[in-house]
Amino acid sequence: MASLKVPASVPPPHEDAEQLHKAFEDAVLAANILFFIRSSGWGTNEGLIISILAHRNAAQRNLIRQVYTEAHGQDLLKDLDKELSSDFERAVLLWTLDPSERDAYLANEATKRLTSSNWVLMEIACTRSSHDLFKVRQAYHARYKKSLEEDVAYHTTGDFRKLLVPLVSAFRYEGEEVNTMLAKSEAKILHEKISDKAYSDEEIIRILTTRSKAQLNATLNHYNNAFGNSINKNLKEDADNDFLKLLRATIKCLTYPEKYFEKLLRLSIKKLGTDEWALTRVVTTRAEVDMERIKEEYHRRNSVTLDRDIAGDTSGDYERMLLALIGHGDA
Amino acid sequence: MSVHFERWNDHCVRLLKHEFVRFKNALVLWAMHPWERDARLVKEALKKGPQSYGVIVEIACTRSSEELLGARKAYHSLFDQSIEEDVATHIHGSERKLLVALVSAYRYEGPKVKEDAAKSEAKILANAIKNGLKKNPIEDEEVIRILSTRSKAHLKIVYKHYKEVSGNIIHEDLDVSDLILKETVECLCSPHAYFSKVLDEAMGSDSHKNTKKGLTRVIVTRADVDMKEIKEEYMNLFGVSLSKKIEEKANGNYRDFLVTLITRDN
């Protein structure tokens, strides 16, 4: 469930002509305000930026950007970085981008950075729906004039490439049908390979990168039933390395994404992780998707609310933006 | 009084049956949406086994990115599985990695190319093919990366540089032992020549029945796409017009249907 709170007075963009007209008027008003703020300097009215953008959903934000471009000849997001503090600016930028564009932006950034950014690629590939992942690939073509898989393949090697390229290229079946016999036999294959310490074996890769999420869930449940431990527990038994960590995270993302995101947030807030931008990324990418579930998981695991911890860990406009996005009261 | 009748020739009966089955198959394939066509062709190829894997290469490499995406969507609807999951499950040989990568591709389709990368990738391919005896190029990570992720425009530049580096056109350096790799390269770099060859082989008198199916498949799937270019290339390569060859080799309604399809643009 999403945590985005859109004020009741803002109509959703829908079939009704009058509602469409109102939505358009709202976008025009928002674009004008933003233009005014920009002319005085982005840094002069962060509160207003937050109250406009943080309470608009993706369709509304797209409309605002469109109206802004038509009225003023340039993209709302251009030059944003020159004037806002880096964390706040990044949050506004990521939030305002259309979700598929955002993921394409994050993926492209990840291919240029160091190894910890393999996580970002895996996260995008595994937690988006098949349909949304394909929209990311389309947005990637449009924005970067190359394919996502070509960039990921070029910038990775060995086991990481073996895992990540098929992950970003997958177009998984999204139905709930499960083949129980297959789940049993593939659980067996996984267990065999893991016992042999063949962690990047083709069969493991095949199962994790091509099976539907429903089928994978069934397979991993059988694994647990048949072998007494969860697969991730078995994967922790060997000396740890980056590939194994990524493999376990992949499995988590495919089966329990809210747990994956909770951990990422927890480590980021406690400054234990190496992923400095995790907090901004998770909040902006999940606010419209499953933030409520993530908040529940966070509270369950940490006994304090995510809002409390974010408020304790961040400050200023950055804090206000994050809190607005995770649905904390009224920002 | 005895009644005589002239029994019909067994051979003729067989021919008639084959002609009708081919006609039926061609019509059914033609009636389907291109995405459904491609999805069903891949499924059939997987069931038939290694000698049909060339069809998977054909579909993955000659369709546009949007057409291949469409086939993948149709596959979900028709078979409750993803195309890559089925390909990965059914194929166990050395060609698996390449084929899974090819059906998963969503290539950039613009003109922008990277000249420097193309040059170095041509060298990578040349080396991999040269060292083919030590390590099978079809399983080489870099060969798979280049052939399954690069745009077709970029690959054209890679082939150009390959010719400069090795002296030959890339698929001439590959032989029948690397058939899947050879077909991949041909489909990506010269699809019309590839289709012409498939058509010609299909019409050979001693061809295997699977090869013969190439006639229906290529004509039906390309009639609305690039049949004009295929006809030109066929003439270039074999010195006869495709229509004439089909009229010579096929019979009855099947023949008429195929000829109608290929002359639609006249």
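The values are calculated or read from the model by the stated rules, or taken from the named source; none is laboratory data. All of these numbers come straight from a predicted model, not from anything done at the bench. Here the Cβ positions follow ideal geometry from the backbone for every residue, glycine too, while neighbour counts run over all protein chains shown. Accessible surface areas use protein heavy atoms only, side chains included; no ligands, DNA or RNA. Shrake-Rupley method; radii C 1.70, N 1.55, O 1.52, S 1.80 Å.
Quick check on my filter: what residues within the stretch A:163-187 are open to solvent by less than 70 Å² (accessible area, probe 1.4 Å), among the charged types (D, E, K, R) and at the interface with chain B (Cβ under 8 Å from one of its Cβ atoms)?
If the condition is that a residue be open to solvent by less than 70 Å² (accessible area, probe 1.4 Å), among the charged types (D, E, K, R) and at the interface with chain B (Cβ under 8 Å from one of its Cβ atoms), then A:ARG172 is the only one that fits.
I'm trying to understand the selection: among the residues of the stretch B:106-136, which are within 25 Å of the chain's Cα centre (by Cα), modelled with pLDDT under 95 and more than 16 Å from B:TYR159 (Cα to Cα)?
Within the stretch B:106-136, B:GLY110, B:GLY132, B:ASN136 meet the criteria.
Give the residues of the stretch A:242-260 that are free of Cβ contacts under 8 Å to residues at least 40 places away in the same chain and open to solvent by less than 70 Å² (accessible area, probe 1.4 Å), sorted by residue number.
Correct list: A:ARG248, A:LYS252, A:GLU258.
Any idea which of B:TYR159, B:TYR108 is touching a residue at least 24 places away in the same chain (Cβ under 8 Å) and away from chain A (no Cβ under 11 Å)? Walk me through how you get there before you give the answer.
Values: B:TYR108 fails: away from chain A (no Cβ under 11 Å).
Going through B:TYR159, B:TYR108 in turn, the sole match is B:TYR159.
Scan A:LEU93, A:LEU84 and give me the residue that is open to solvent by 10 Å² or more (accessible area, probe 1.4 Å) and modelled with pLDDT of 90 or more.
On the way: A:LEU84 fails: modelled with pLDDT of 90 or more.
Every option except A:LEU93 fails the conditions.
Do we have any residue at all in the stretch A:266-286 that's more than 30 Å from A:LEU93 (Cβ to Cβ) and free of Cβ contacts under 8 Å to residues at least 40 places away in the same chain? Spell out the reasoning first.
Step one: of the stretch A:266-286, the residues more than 30 Å from A:LEU93 (Cβ to Cβ) are none.
The answer is no, given that none of the residues of the stretch A:266-286 is more than 30 Å from A:LEU93 (Cβ to Cβ) and free of Cβ contacts under 8 Å to residues at least 40 places away in the same chain.
Output yes when any residue across the stretch B:11-25 is more than 23 Å from B:ILE144 (Cα to Cα) and crowded, with 21+ Cβ neighbours inside 10 Å, and no when none is.
First, pick out the residues of the stretch B:11-25 that are more than 23 Å from B:ILE144 (Cα to Cα): B:11-25.
Going one step further and asking which of them are crowded, with 21+ Cβ neighbours inside 10 Å, we end up with B:22.
Scanning the stretch B:11-25 turns up at least one residue that is more than 23 Å from B:ILE144 (Cα to Cα) and crowded, with 21+ Cβ neighbours inside 10 Å.
Answer yes or no: is there a residue in the stretch B:145-156 that is within 20 Å of A:ALA153 (Cα to Cα), over 18 Å from the mean Cα position of the chain (by Cα), more than 14 Å from chain A (Cβ to nearest Cβ) and part of a helix (DSSP H, G or I).
Yes, the conditions are met somewhere in the stretch B:145-156.
Please go through (1) in contact with a Leu (Cβ under 8 Å, 6 or more places away or on another chain); (2) at the interface with chain B (Cβ under 9 Å from one of its Cβ atoms); (3) open to solvent by 10 Å² or more (accessible area, probe 1.4 Å) for A:VAL152 and return the number of the only condition it doesn't satisfy.
(3)
Can you list the helices (runs of 4 or more DSSP H) lying wholly within the stretch A:199-272 that have 1 or more residues being within 14 Å of chain B (Cβ to nearest Cβ), among the acidic types (Asp, Glu) and out of contact with any strand residue (DSSP E or B) (no Cβ under 6 Å at 6 or more places or on another chain)?
Of the helices (runs of 4 or more DSSP H) lying wholly inside the stretch A:199-272, those with at least 1 residues that are within 14 Å of chain B (Cβ to nearest Cβ), among the acidic types (Asp, Glu) and out of contact with any strand residue (DSSP E or B) (no Cβ under 6 Å at 6 or more places or on another chain) span A:202-210.
Restricting to the stretch A:135-149, name every residue that is open to solvent by 10 Å² or more (accessible area, probe 1.4 Å) and either facing chain B (nearest Cβ under 7 Å) or under 17 Å from A:TRP119 (Cα atoms) (or both). Let's see the steps before the verdict.
Taking the stretch A:135-149 first, the residues open to solvent by 10 Å² or more (accessible area, probe 1.4 Å) are A:135, A:138-139, A:141-146.
Listed by number, the residues that qualify are A:HIS141, A:LYS145, A:LYS146.
What tally of residues in the stretch B:36-83 results from selecting those that are within 13 Å of chain A (Cβ to nearest Cβ) and open to solvent by 20 Å² or more (accessible area, probe 1.4 Å)? Even if it seems obvious, please write down each step before you answer.
Going residue by residue through the stretch B:36-83, those that are within 13 Å of chain A (Cβ to nearest Cβ) are B:39, B:60, B:64-66, B:68-83.
If we keep only those that are open to solvent by 20 Å² or more (accessible area, probe 1.4 Å) as well, we get B:64, B:66, B:73, B:76-81.
Residues in the stretch B:36-83 being within 13 Å of chain A (Cβ to nearest Cβ) and open to solvent by 20 Å² or more (accessible area, probe 1.4 Å): 9 in total.
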